[in-house]
Amino acid sequence: MIEYKGYTAVFEFDPSVDAFHGRVIGLQDIVTFEGRSIDELRSAMEESTEDYLEFCAKIGKEPERPYRGEFIVRTTPEVHRAVATAAEAHGMSLNAWVESTLTDVARQVRPEPRGKAKRAGTGPGRKRTAARSKKSHTRTSR
């Protein structure tokens, strides 16, 4: 993973074209990039992120931010009760216990390879709304 201005990207190597392909994660908009080396990839990610921010400003759209620090979890009453009981037993609020538990799990989990690389951002229903360069691609939903 690589980060730039609060955005996080993942990448894969595609041996069929001898290049890395990357995409910014956590957005509905699509921001992709590519490079033949890690340095080139990092530079392309920064360029693509800047293109995305400039494009959003140009069309008057607020750029998406990956995460705002809160989310809703829907669960069964039994699980809710068990989690609340565990939090109370540890002398913590429910939010503090969930955050602590998720942090512990997230530190243990590592992304696994996803097979052969494919070009990110090519799914159906996505509309290209920005110019693309050879190394970076930006698409935004409206």
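Read the figures in this text as sums done on the coordinates, not as results from a lab. Remember, predicted model here, so these are calculated numbers, not experimental data. Note that we place each Cβ from the backbone using ideal geometry, even for glycine, and neighbour counts take in every protein chain shown.
If the chain linking Asp104 and Arg81 were pulled fully straight, counting 0.36 nm for each residue of separation and taking away their Cα-Cα distance, it would gain 6.2 nm. Couplings for the stretch 40-48, taken from phi via the Karplus curve 6.51 cos²θ - 1.76 cosθ + 1.60 with θ = phi - 60°, read 5, 4, 4, 5, 5, 5, 4, 4, 5 Hz in order; Gly and Pro are left as x.
Order these by the 10 Å Cβ neighbour count, fewest first: Leu27, Leu41, Leu94.
Fewest-to-most ranking of Leu27, Leu41, Leu94: Leu94, Leu27, Leu41.
Arranged from fewest to most other beta-carbon atoms within 10 Å of their beta carbon, Arg68, Arg42 become Arg68, Arg42.
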